[in-house]
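A.B. asks: Structure provided below as structure tokens; questions to follow.
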Amino acid sequence: MKRLIPTLAMLMLSAASLTTTAKVTEADLLGNAAQPSAAQRTIVIDNKTKWITVEHDEVVRFLSNGQEFAWTFKGMSSSFDLNKIAPAGALDRVLKVYVWPNARDLAEKG
């Protein structure tokens, strides 16, 4: 009986800590919107664009269907549909963006 109460207390504390665990947000996965003026490069999306490649931590300005938007690729995802971050009407089809590790990321791992 002496062991039962401390064990139950530990189980309750463990359960409580699980409910307070931080949730992964969409920004954690995909990155964040950015100001176009902060972009390191511009990608023009046209009918010939089949996919897009960027580097992790890169800020990219997109031009598509007369619209402009920019994104900082700091998320955990290595690929996702660009439609998830593009403003309504900017894309007329599904385009995949591939996020490659940048040289700094590779140097830190190596």
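Taken together, the values in this text are just the output of simple stated rules run on the coordinates, not laboratory data. This is a predicted model, so every value here is computed, not measured. Cβ: placed from backbone, ideal geometry, glycine included. Neighbour counts: every protein chain shown.
A.B. asks: Quick one: check the C-alpha center-to-center distance for segment 61-90 versus segment 23-43, whole angstrom.
C.D. replies: Cα centroid of segment 61-90 versus Cα centroid of segment 23-43: 8 Å apart.
A.B. asks: Tell me the label-point distance for the pair SER77, VAL44, using the 7 Å Cα-to-Cβ offset, in nm and rounded to one decimal.
C.D. replies: Each label point is offset 7 Å from its Cα along the Cβ direction, giving 2.7 nm.
A.B. asks: Expected output is a single nm value to one decimal: the length gained when fully extending between GLN35 and LEU63, i.e. 0.36 nm times separation in residues minus the C-alpha distance. What is it? Write out the running numbers ahead of the final one.
C.D. replies: Details: separation 28, 0.36 × 28 = 10.08 nm, distance 1.32 nm.
Stretched out fully, the GLN35 to LEU63 stretch lengthens by 8.8 nm.
A.B. asks: Moving on to the next point. Once you have the Kirkwood Rh of segment 23-109 from its Cα pairs, apply Stokes-Einstein at 37 °C and 0.692 mPa s and quote D in µm²/s.
C.D. replies: Answer, rounded: 248 µm²/s.
A.B. asks: Pull up all non-local amide H partners of TRP100: gap of 5 or more, or a different chain, and H-to-H distance under 5 Å with H placed in the peptide plane.
C.D. replies: VAL54, GLU55, HIS56
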